[in-house]
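Heads up: the structure comes next, in structure tokens.
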Amino acid sequence: MRTLAEFKRLLPTFSCVLIAVIFFVAAIDKTAHMARFERALEAQGIIPVFFLPTVAKAIVALEFIISLALLARPFRRVALLGALVLLVAFIVVLLVLSSSSSISDCGCGSLFANVPIPWKIGQDVIMVILAAWTLYMLKRSSQRMCPQGPPCLDTYSQ
């Protein structure tokens, strides 16, 4: 029988997997619809047209890298930091877009094409909270002390 402590110990791992799946699906969708993603970025008017293809591919590459790194224990903290930075950037862009009624496609992917921008902001805020909590839990677990003195190295502390 699983104890509550064992369940709590696995929560950061589950969170990493959930965030990884969301980033991976977003990256796959943007890759499959790259032209639409580039048009959405162009419509936002934030990125110079000359850099659009490069920025679009960089965003997709970052989403792929973050999703894969979240599944590799040694890279989870860095991946969570990357996810936080990217999500905060997405929230800022969405906040700018929400003040402009002429923009309907944020470039979030076809899965979220019909979701109103305020809902997308809410989704990203929830993701930021989840990523920050997971990062906190991973940091906290690595700072626990074993009975012998050195930091514990349990299943999710690296």
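What the table below lists for this structure:
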{"quantity": "Residues (out of contact with any helix residue (DSSP H, G or I) (no Cβ under 8 Å at 6 or more places or on another chain) and of a type in the set (D, E, K, R)) located in segment 58-79", "calculated": "R73"}
{"quantity": "Filter result for the condition that a residue is at pLDDT 85 or above and farther than 15 Å from I22 by Cα, over V49, V60", "calculated": "V49"}
{"quantity": "Pairs where the first residue, in segment 6-30, is charged (D, E, K, R) and the second is assigned to a helix (DSSP H, G or I) and open to solvent by 70 Å² or more (accessible area, probe 1.4 Å), C-beta under 8 Å, 6+ apart", "calculated": "D29/L111"}
{"quantity": "Subset of segment 41-93 (residues that are closer than 17 Å to F14 by Cα, out of contact with any Lys or Arg (no Cβ under 8 Å at 6 or more places or on another chain) and among the charged types (D, E, K, R))", "calculated": "R73, R76"}
{"quantity": "Residues being modelled with pLDDT under 95, part of a helix (DSSP H, G or I) and surrounded by 13 or more Cβ atoms within 10 Å (Cβ to Cβ) - total across segment 96-126", "calculated": "11"}
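The values are calculated or read from the model by the stated rules, or taken from the named source; none is laboratory data. As the structure is a computational prediction, the values presented were derived from the model and not from experiment. Cβ coordinates were reconstructed from backbone atoms using ideal geometry, including for glycine residues, and neighbour counts include every protein chain displayed. These area figures cover heavy atoms from the full protein model, side chains too; ligands, DNA and RNA do not enter into them. Shrake-Rupley method; radii C 1.70, N 1.55, O 1.52, S 1.80 Å.
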